[in-house]
Amino acid sequence: MTTFALLYSLHVLAAMIWVGGMFFAWMVLRPAAVSELQPPERLQLWAEVFRRFFHWVWASVLILPVSGIGLWHMRFDSLAAAPRYVHVMAGLFLVMLALFLRIQLLQLPELRRAIAAQNWPEGGATLGHIRKLVGINLLLGLLVVTLASARPLF
């Protein structure tokens, strides 16, 4: 396996884990949890889901820029020589990273505090904020995947 193929594979796998996980959470897990669980159990489930999933997201947000910059250097003569879609993908990654960090560093501790205090309304409101941020990140991630897969057309 060439270095390029290894970097490309790692890059695609990291993106698939992050975006695919958000898609599953938004489109499958959330509706099932709403229909089957009461607020206390639902909030506890989400706290545990985030704890487990965010380990994988951290791996993804570390692998994506390292592999992306490696691919960028191997494929193009310079960063400036890369096509516009590559720059757009890099910019969208930064926005997605900022939203993830907001959830991880600000919203998730707030959710944990509400659960510990058994303040279910506050926990529900916090989970609603997290859901919106994840929804935005999911849309951005799907846009990045679309740009990457449609790149021969640009």
### Task
Identify, by number, the condition in (1) more than 21 Å from the chain's Cα centre (by Cα); (2) crowded, with 17+ Cβ neighbours inside 10 Å; (3) not hydrophobic (A, V, I, L, M, F, W, C) that residue 21 doesn't meet.
(1)
#### Entry: Residue within segment 26-36 that is surrounded by 11 or more Cβ atoms within 10 Å (Cβ to Cβ) and under 13 Å from the mean Cα position of the chain (by Cα) present
yes
#### Entry: Evaluation of residue 33 against (1) under 25 Å from residue 147 (Cβ atoms); (2) touching a helix residue (DSSP H, G or I) at 6+ places or on another chain (Cβ under 9 Å) (one fails), failing number
(1)
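Matching residues to (1) in a helix (DSSP H, G or I); (2) touching a Leu at 6+ places or on another chain (Cβ under 7 Å):
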site: 78; (1), (2): no, no
site: 86; (1), (2): yes, no
site: 133; (1), (2): yes, yes
site: 136; (1), (2): yes, yes
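Please go through segment 85-140 and give me each residue that is among the aromatic types (Phe, Trp, Tyr) and either touching a strand residue (DSSP E or B) at 6+ places or on another chain (Cβ under 8 Å) or farther than 24 Å from residue 16 by Cα (or both), ordered by number.
Answer for segment 85-140, where residues must be among the aromatic types (Phe, Trp, Tyr) and either touching a strand residue (DSSP E or B) at 6+ places or on another chain (Cβ under 8 Å) or farther than 24 Å from residue 16 by Cα (or both): just 120.
Go over the candidates 67, 9, 60, 78 one by one and state the one that is surrounded by 15 or more Cβ atoms within 10 Å (Cβ to Cβ) and over 29 Å from residue 126 (Cβ atoms). Working first, answer last.
On the way: 9 fails: surrounded by 15 or more Cβ atoms within 10 Å (Cβ to Cβ); 60 fails: over 29 Å from residue 126 (Cβ atoms); 78 fails: surrounded by 15 or more Cβ atoms within 10 Å (Cβ to Cβ).
Going through 67, 9, 60, 78 in turn, the sole match is 67.
Here, each number is a calculation from the coordinates, and none is a lab measurement. The structure displayed is predicted, hence computed values, not measured ones. For neighbour counting, all protein chains shown are included, and Cβ atoms are generated from backbone atoms with ideal geometry for every residue, glycine included.
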